[in-house]
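Enquirer: Can you keep this structure in mind? I'll have questions shortly.
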Amino acid sequence: MTNPLYDTLFAPHAGRQTPFLHLPDGEVITHAAFLRRAAQLAHALAAFGVATGDRVAVQVEKCPDMLALYAACAQSGAIFLPLNTAYTAAELSYFVEDSGAALLVGDPARPDLADVASKAGAAFATLSGAGGSLSDIADDQSDSYETVERGADDLAAFLYTSGTTGRSKGAMLSQGNLISNAQTLTDLWRFTADDVLLHALPIFHTHGLFVASNVMLIAGGAMVFLPKLDIDALIDWMPRATAMMGVPTFYTRLLDDDRFDRDLTANMRLFISGSAPLLAETHRQFEGRTGHRILERYGMTETNMSTSNPYDGDRRAGTVGLPLPDVELRVCDAQGTELPQGETGTIEVRGPNVFYGYWNMPEKTAEEIRPDGFFITGDLGVQDADGYVTIVGRGKDLIISGGYNVYPKEIELVLDEQPGVLESAVIGVPHADLGEVPLAVLVQAPGDRIDLEAVQAAVAGALARFKQPRHYEIVTELPRNTMGKVQKNALREVFGG
Ligand code: MLC
Ligand code: AMP
């Protein structure tokens with residue numbers, strides 16, 4: 001094997017005239033056509049000067065070419081670095097600079113990105129169906145490309161994940177990380193070439209890219225490739241599909257639609273949920289409506305998937321199931337000492353799924369991966385006598401909104417800079433559709449005045465929409481404990497978190 005990732009996920013499909021991507025307009029891209037496009041894009045990357053081991057930062061709307069670019073990076077030995085399309089130019093600059101990306105690929109609709117690239121010393125290309133510089137160059141290239149030799153320990157992708165300090169970290173994922181997890185999940189969830197997966201997730205995160213796409217590539221099946229969550233489209237395609245993966249919002253929105261019922265799901269064999277807690281009530285309601293028991297699993301950017309409810313056997317509502325067959329999981333105290341079964345503590349995991357470390361942050365890596373190889377997830381959990389894991393909270397100050405992670409610190413740093421704001425604290429408050437949304441509590445500086453509209457405008461310029469507080473409260477002081485630490489629990493009690 002010369003390049004394990006390419007050889008496992010992509011190469012087996014060469015010449016297969018079977019459907020790989022069903023697009024909303026009815027167009028079908030076969031496995032063979034997809035691979036030919038990936039090869040053309042690999043040539044185009046080389047034309048932009050991308051070499052083996054270079055990072056290719058990509059911020060484009062979900063489209064087949066974006067997925068083919070992932071394959072092109074795998075084939076040419078470049079490191080794929082997908083970025084949320086909601087990121088502002090300010091956020092993007094950090095990722096491109098920090099990663100030392102050789103190339104930033106953006107949407108032609110975002111002219112500000114060329115500037116981001118040039119400031120970071122990266123080349124810039126656009127990608128789109130037509131008129132994108134990278135896609136145009138690819139159109140004229142050969143559709144075969146000699147796969148670059150790589151090993152399982154070589155890096156395949158960087159995914160940036162924000163943290164408690166407000167500074168995002170580039171999680172380095174090796175070829176081996178991705179392959180092992182995709183193989184384990186394909187087997188566990190029984191995906192085969194007969195499956196048709198409803199794919200409405202973004203492909204710049206673990207869930208839509210590594211869980212959904214990698215699994216379907218290993219299985220050799222097809223995906224209904226929707227640009228974003230669109231309930232009408234899901235309902236339309238469902239009778240022709242066999243499986244779906246989504247964040248809990250997918251399930252609550254489906255349940256809100258009267259057309260979604262047992263008949264509509266008759267051809268479906270599996271619904272999988274993850275990235276945020278699925279309410280046990282949603283699980284029960286879903287079963288009542290359709291007869292299907294949602295299979296909930298748990299993972300992270302740094303670990304891919306770590307646990308899953310069983311395919312056969314009891315899918316327990318409110319739990320994230322059992323550790324995957326090749327993943328060790330323990331529940332520990334702060335020192336990393338394993339707690340007796342049934343006690344709540346921090347979840348730590350070890351296995352071939354655990355990432356390589358944070359790019360250029362060896363001290364952060366050492367803080368989060370113990371010398372014995374266990375990764376400290378920051379999630380609080382408990383394991384029952386049968387091995388089922390329940391996530392009971394988060395040790396980390398994290399808000400999950402519609403499946404996106406939002407770290408309060410990042411927002412607080414922006415808020416604290418605003419005129420009239422002495423200090424701030426951001427908490428998550430419940431939201432029926434997105435699970436949680438951020439609420440900002442601002443302390444007005446004595447003798448000063450906070451102009452909320454100006455604050456919101458400044459936040460909008462600095463942070464992606466999904467990180468922007470949906471609510472603001474102005475107070476005279478923040479509750480603190482005797483050590484001077486802000487008591488977010490007290491704020492949650494007052495403001496409904
Ligand atoms: C969109 N908006 C959000 C949002 N998504 N706000 C907060 N949180 C979100 N997640 C905002 C938009 O900016 C817009 O604001 C308004 O909501 C409507 O936008 P939209 O584009 O119409 O939203 P919609 O398509 O309905 O998106 C909601 C969603 C989407 C939940 C379907 O966010 C989504 O697909 N989330 C999945 C995220 C995901 O893949 N997570 C996996 C991470 S990996 P305005 O102001 O214009 O109205 C991971 C590991 C693991 O966690 O275990 O899987
Ligand atoms: P991310 O860093 O975006 O990959 O988000 C990972 C975080 O999402 C985890 O650390 C958990 O806090 C949360 N998460 C993922 N899956 C689940 C789940 N099934 N239930 C509860 N939380 C989850």
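Enquirer: Whole-Hz Karplus ³J(HN,Hα) for segment 303-313, in order, using 6.51 cos²θ - 1.76 cosθ + 1.60 and θ = phi - 60°, x for Gly and Pro?
Expert: 10, 6, 8, 10, 9, 7, 5, x, 6, 8, x
Enquirer: Which distance in nm do the two modelled labels at A457 and K119 give, with both placed 7 Å along the Cα-to-Cβ direction?
Expert: The modelled label-to-label distance comes out at 2.0 nm.
Enquirer: A further question on this structure: What list of ³J(HN,Hα) couplings, whole Hz, do you get for segment 353-365 from phi and the Karplus terms 6.51, -1.76, 1.60, once you set θ to phi - 60° and write x for glycine and proline?
Expert: Each residue of segment 353-365 in turn: 7, 6, 4, 7, x, 8, 4, 6, 9, x, 6, 5, 4 Hz.
Enquirer: Give me the net charge of I179's neighbourhood, meaning all other residues with Cβ under 12 Å from the Cβ of I179; Lys, Arg count +1, Asp, Glu -1.
Expert: So the surrounding residues net to -3.
Enquirer: May I ask you to give the solvent-accessible area per residue for segment 416-481, in square angstrom, as obtained with a 1.4 angstrom probe?
Expert: Accessible area per residue, segment 416-481: 49 Å².
Enquirer: Counting only protein heavy atoms, what percent of the accessible surface of segment 376-453 is carbon or sulfur at a 1.4 Å probe?
Expert: Result for segment 376-453: 49 percent of the exposed heavy-atom area is carbon or sulfur.
Enquirer: Further question: Using alpha-carbon pairs under 8 Å, 6+ residues apart, how would you state the relative contact order of the chain in percent?
Expert: 12 percent
Enquirer: Something else about it: If you stretched the chain out fully between D326 and I474, how much longer would it get, using 0.36 nm times the residue separation minus the C-alpha to C-alpha distance?
Expert: Working: separation 148, 0.36 × 148 = 53.28 nm, distance 4.91 nm.
Here the segment from D326 to I474 would lengthen by 48.4 nm.
Enquirer: Leaving out ligands, DNA and RNA, what percent of the accessible area of segment 4-151 is carbon and sulfur, probe 1.4 Å? Write out the running numbers ahead of the final one.
Expert: Details: 2660 of 5160 Å².
The computed percentage sits at 51.
Enquirer: Give me the 1.4 Å probe accessible area per residue for segment 1-81, excluding ligands and nucleic acids, in Å².
Expert: Result: 30 Å² per residue.
Enquirer: How far apart, in nm, are the 7 Å Cα→Cβ label points at R262 and D232?
Expert: Taking the two extended label points, one gets 2.9 nm.
Enquirer: Run the helix sum for the chain: -39,500 (n - 2.57) per DSSP H stretch of 4+ residues, divided by residue count, reported at 222 nm to the nearest 500 deg cm²/dmol.
Expert: Using -39500 (n - 2.57) per qualifying helix, the result is -8000 deg cm²/dmol.
Enquirer: Continuing with the same structure: Taking amide H positions as placed 1.01 Å from N in the peptide plane, with prolines and chain starts having none, which residues 5 or more places from S162, or on another chain, fall under 5 Å of its amide H?
Expert: For S162, the qualifying residues are K169.
Enquirer: Next question. Could you list which residues have their amide H under 5 Å from that of G53, counting only those 5 or more apart in sequence or on another chain, with H placed in the peptide plane?
Expert: When sequence neighbours closer than 5 places are left aside, the close amide H contacts are A78, I79.
Enquirer: A follow-up question, please. So what are the three principal axis dimensions of segment 398-495 from its Cα atoms, in whole Å, longest to shortest?
Expert: The Cα atoms of segment 398-495 stretch 39, 33, 19 Å along their principal axes.
Enquirer: What are the ³J(HN,Hα) values, in whole Hz, obtained from phi via the Karplus relation 6.51 cos²θ - 1.76 cosθ + 1.60 with θ = phi - 60°, for each residue of segment 332-343 in sequence order, with x given for Gly and Pro?
Expert: Running phi through 6.51 cos²θ - 1.76 cosθ + 1.60 with θ = phi - 60° gives 10, 7, 5, 8, x, 8, 5, 8, x, 3, x, 8 Hz.
Enquirer: Amide H of H431: which non-local residues (sequence gap of 5 or more, or other chain) have their own amide H closer than 5 Å, using H built in the peptide plane?
Expert: When sequence neighbours closer than 5 places are left aside, the close amide H contacts are E436, V437.
Enquirer: Using the heavy atoms of the protein chains alone and a 1.4 angstrom probe, what is the accessible area of segment 125-199 per residue in square angstrom?
Expert: Per-residue value: 38 Å².
Enquirer: Something else about it: Pick out the long, greasy-scoring helices in the chain: whole DSSP H runs spanning 27 Å or more along their own axis by Cα, mean Kyte-Doolittle at least -1.0.
Expert: Within the chain not a single helix satisfies the rule.
Enquirer: Also: Under a no-solvent Debye model with one identical scatterer per Cα of the chain, what's log10 I(q)/I(0) at q = 0.06, 0.07, 0.08 Å⁻¹?
Expert: Computed log10 I(q)/I(0) values: -0.27, -0.37, -0.49.
Enquirer: Calculate the spin-label point distance for D312 paired with D448, positioning each point 7 Å from the Cα along the beta-carbon direction, and give it in nanometres.
Expert: Each label point lies 7 Å from its Cα, and together they span 6.5 nm.
The values are calculated or read from the model by the stated rules, or taken from the named source; none is laboratory data. These figures come from a predicted structure and were not determined experimentally. FYI the Cβ positions are ideal-geometry reconstructions off the backbone, even for glycines, and counts take in every protein chain you see. When the accessible area is computed, the model is the full protein with side chains, heavy atoms only, and any ligands, DNA or RNA have been set aside. Shrake-Rupley method; radii C 1.70, N 1.55, O 1.52, S 1.80 Å.
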